[in-house]
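Report on the structure given below.
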Amino acid sequence: MRAFNLLVKPNGASCNLRCRYCYYLDKSKLYPGVNARMDKAILEEVVKQFIQGNEAPEVFFYWHGGEPLLCGMHFYRAAVELQQKYADGKIVNNVLQTNGTLLNAQWCDFFAKENFWVGISLDGPPEIHDRFRLDVGARPSFNRVMTGLQLLRDHGVEFNVLTTVNKASEGNGERVYRFLKSVGCKYIQLIPVADGTPESVSPVEYGRFLCNVFDCWKNDGDVGRYYVDAIDCALAAWCGSQPGSCVFSPSCGTNPVVEFNGDVYSCDHFVKPAFFLGNISSQSLVSMMDSIQQYSFGQNKRVSLPRKCFSCQFLFACNGGCPRYRQTLCEGYQLFYAHIKPDMDKMRDVLKRI
């Protein structure tokens, strides 16, 4: 069965914030002087080809940016209509990642009505969040994000939070986790900033951050009540199951990106000319996913593992991590897995008896 995800960048790297650690903002250089907005023809090809190209009975559209709300509500209304047109009995889901500053009651009404799952970017309390998440005028964004988050809650929109772990996060794992819980976040995705920039978290501090979050999760009785991706993926690995994230999978290549003009790239973290697969207007999405280039990209994660990985007791859990910063975070992952091993062993044994 052919099944893959698709990250859609309907307005490319365009954004109303200028987060200092953003890895996608400079992708606008690929399309200089162009108004980055996906037109109706490209949108229809994306919807049609993605639904028809998946043999799974359920598909997920991931709307990303930049800031995808800049496309306007009319764009997503059109997307939903096209999804209904081409669904052909499949269940179609929409997940939209936003910085939260543009959310209002109208957006939240729409998301609630159309069953969108919304991811909102929030790095922690204001002194941590506002360290790097500034707008185009270098103004803090925390208060606007919190207004948006409350609107999501008021309208009953399902949401998760995407939290970067960066230089400002170091030593604050417990504080960030408990803050996110206090504002109603039950699903937490932790993303390391590890590109070697001044905003990057050090490998050891990243590991310590994850350890602190795990201890809070365990000691606060949050097992089965709050969900943290790094912990969930670790437990899946301990139980011999596939992780819910490509970061910890043995191979990758099932999360391509389609830009506003229909250009398709191998992965969100590799939107570069070397990883260009084609354009959806002239080449089918299925042929790009089935290409030797994409297959090689996905398998390269496994075959390019450093020699030291094969002697590591935790290879089964991290699988080398994301190739984008594989060498950077190794020490942090080892620290985290060694810390949680006794508890993971116990949880695995309990689950085996159920």
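The values are calculated or read from the model by the stated rules, or taken from the named source; none is laboratory data. What you see is a predicted model; the values in this text were computed from it and never measured. Positions of Cβ are backbone-derived with ideal geometry, glycine not excepted, and every protein chain shown enters the neighbour counts. What goes into the accessible areas is simple: the full protein's heavy atoms, side chains included, and nothing from ligands, DNA or RNA. Shrake-Rupley method; radii C 1.70, N 1.55, O 1.52, S 1.80 Å.
Below are the figures for this structure:
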| item | result |
| --- | --- |
| Reach of Lys113 by Cα under 12 Å, taken over aspartates and glutamates that are not fewer than 8 positions away in the same chain | Glu158 |
| Those lysines that a straight Cα-Cα span of less than 21 Å connects to Lys352, excepting residues fewer than 8 apart in one chain | Lys218, Lys341 |
| For the range 261-273, 3J(HN,Hα) per residue [Karplus equation, 6.51 cos²θ - 1.76 cosθ + 1.60, θ = phi - 60°, Hz, x = Gly/Pro] | 9, x, 5, 10, 10, 4, 6, 4, 8, 9, 7, 9, x |
| Principal axis dimensions, largest first and in whole angstrom, of the chain by Cα | 53, 46, 43 |
| Computed [θ] at 222 nm, deg cm²/dmol, the chain (DSSP H ≥ 4; -39,500 (n - 2.57); rounded to nearest 500) | -12500 deg cm²/dmol |
| Cross-link reach list, lysines versus Lys29, counting only Cα pairs under 29 Å and skipping chain neighbours closer than eight places | Lys9, Lys40, Lys48, Lys167, Lys272, Lys301 |
| Solvent-accessible area of Val213 with every protein chain in place, 1.4 Å probe, in Å² to the nearest 10 | 0 Å² |
| Accessible area of Arg144 in the full protein assembly, 1.4 Å probe (Å², nearest 10) | 90 Å² |
| Accessible solvent surface per residue of the range 5-157, calculated while the other protein chains remain in place, 1.4 angstrom probe, Å² | 43 Å² |
| Sites Gln150 and Gln299 - FRET efficiency at Förster radius 56 Å, r taken between beta-carbons, to 0.05 | 0.80 |
| Nearest-10 value in Å² for the accessible area of Trp217, using the 1.4 Å probe | 10 Å² |
| Surface share of carbon and sulfur [accessible, 1.4 angstrom probe, percent] for the chain | 51 percent |
| Normalised contact order of the chain, rounded percent, pairs of Cα under 8 Å and 6 or more residues apart | 18 percent |
| Where Asp39, Asp345, Asp88 fall by accessible area, highest first, once all protein chains stay in place (1.4 Å) | Asp88, Asp39, Asp345 |
| For the range 85-144, convex hull of alpha carbons as volume per residue, Å³ | 118 Å³ |
| Antiparallel content of DSSP bridges confined to the chain, in %, to 5 | 20 percent |
